[in-house]
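A quick write-up on the structure given underneath.
The values are calculated or read from the model by the stated rules, or taken from the named source; none is laboratory data. Note that the coordinates shown come from a computational prediction; the quantities given were computed from them, not determined experimentally. Here the Cβ positions follow ideal geometry from the backbone for every residue, glycine too, while neighbour counts run over all protein chains shown.
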């Protein structure tokens, strides 16, 4: 690909047969990085600032790509970026901040895909609802929403419960 003009490549360190089972094979990324002069971005098992740093050390990659680690936690990308720029950890988002983000995500999915977006939002919304009192109930409600307003109402009630 480099010889054909690619200016950067992302390597996911799993096979299709492997699916999500077992650890990503970062050594494969390291081997690719050694053979290329273009930037190589590592992907696979990047779920925290620490895993991103470890991957960069082990592979020599020029950057990391976050996939499943951002499901219900899109803050991860900013946390990694902040640490790489400052050497310090960014304060973690509060449950309320995570739920406010879920509301934005829900609205954006609907704006982009209409009713199909609401169906897709069901699983995404449940990933935001964790690590606070009442999270399990909220997940059960969100996985069956029929409208944006219904999802917003459930999330707003959860936020009000956290604020008390």
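For segment 23-45, does any single residue satisfy the condition of being assigned by TED's automatic domain parsing to the domain that holds residue 74, within 25 Å of residue 81 (Cβ to Cβ) and in contact (Cβ under 8 Å) with a residue 40 or more places away in the chain?
No; the residues of segment 23-45 include none that is assigned by TED's automatic domain parsing to the domain that holds residue 74, within 25 Å of residue 81 (Cβ to Cβ) and in contact (Cβ under 8 Å) with a residue 40 or more places away in the chain.
Of the residues 101, 66, which is at pLDDT below 95 and either more than 30 Å from residue 126 (Cα to Cα) or under 15 Å from the mean Cα position of the chain (by Cα) (or both)?
Unique residue meeting the criteria: 66.
Scan 32, 77, 40 and give me the residue that is surrounded by 15 or more Cβ atoms within 10 Å (Cβ to Cβ) and either under 30 Å from residue 157 (Cα atoms) or under 18 Å from the mean Cα position of the chain (by Cα) (or both).
Just one listed residue meets the conditions, 77.
What are the residues in segment 64-82 that are outside any helix (DSSP H, G or I) and in contact with a helix residue (DSSP H, G or I) (Cβ under 8 Å, 6 or more places away or on another chain), if any?
Residues satisfying the conditions are 64, 66, 71, 72, 73, 74.
Can you find a residue in segment 89-106 that is farther than 30 Å from residue 152 by Cα and either touching a helix residue (DSSP H, G or I) at 6+ places or on another chain (Cβ under 9 Å) or surrounded by 14 or more Cβ atoms within 10 Å (Cβ to Cβ) (or both)?
The answer is yes; a qualifying residue exists.
Please go through (1) crowded, with 17+ Cβ neighbours inside 10 Å; (2) assigned to a helix (DSSP H, G or I) for residue 136 and return the number of the only condition it doesn't satisfy.
With respect to (1) crowded, with 17+ Cβ neighbours inside 10 Å; (2) assigned to a helix (DSSP H, G or I), residue 136 is out only on (1).
When only residues in segment 4-25 that are modelled with pLDDT of 95 or more and farther than 13 Å from residue 62 by Cα count, which is surrounded by the most Cβ atoms within 10 Å (Cβ to Cβ)?
Within segment 4-25, the match that is surrounded by the most Cβ atoms within 10 Å (Cβ to Cβ) is 6.
Residues are listed down the side, and each one gets a yes or a no for (1) assigned to a helix (DSSP H, G or I); (2) modelled with pLDDT of 95 or more; (3) surrounded by fewer than 18 Cβ atoms within 10 Å (Cβ to Cβ); (4) over 22 Å from the mean Cα position of the chain (by Cα):
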position	(1), (2), (3), (4)
116	yes, yes, yes, no
125	yes, no, no, no
131	no, no, yes, no
140	yes, yes, yes, no
153	yes, yes, yes, yes
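Could you list all residues from segment 143-159 that are free of Cβ contacts under 8 Å to residues at least 40 places away in the same chain and either in the same structural domain as residue 70 (by TED's automatic domain parsing) or under 20 Å from residue 71 (Cβ atoms) (or both)?
The answer is 143, 144, 145, 154.
If I go through segment 50-61 residue by residue, how many of them are touching a strand residue (DSSP E or B) at 6+ places or on another chain (Cβ under 6 Å) and either closer than 18 Å to residue 36 by Cα or touching a residue at least 40 places away in the same chain (Cβ under 8 Å) (or both)?
3
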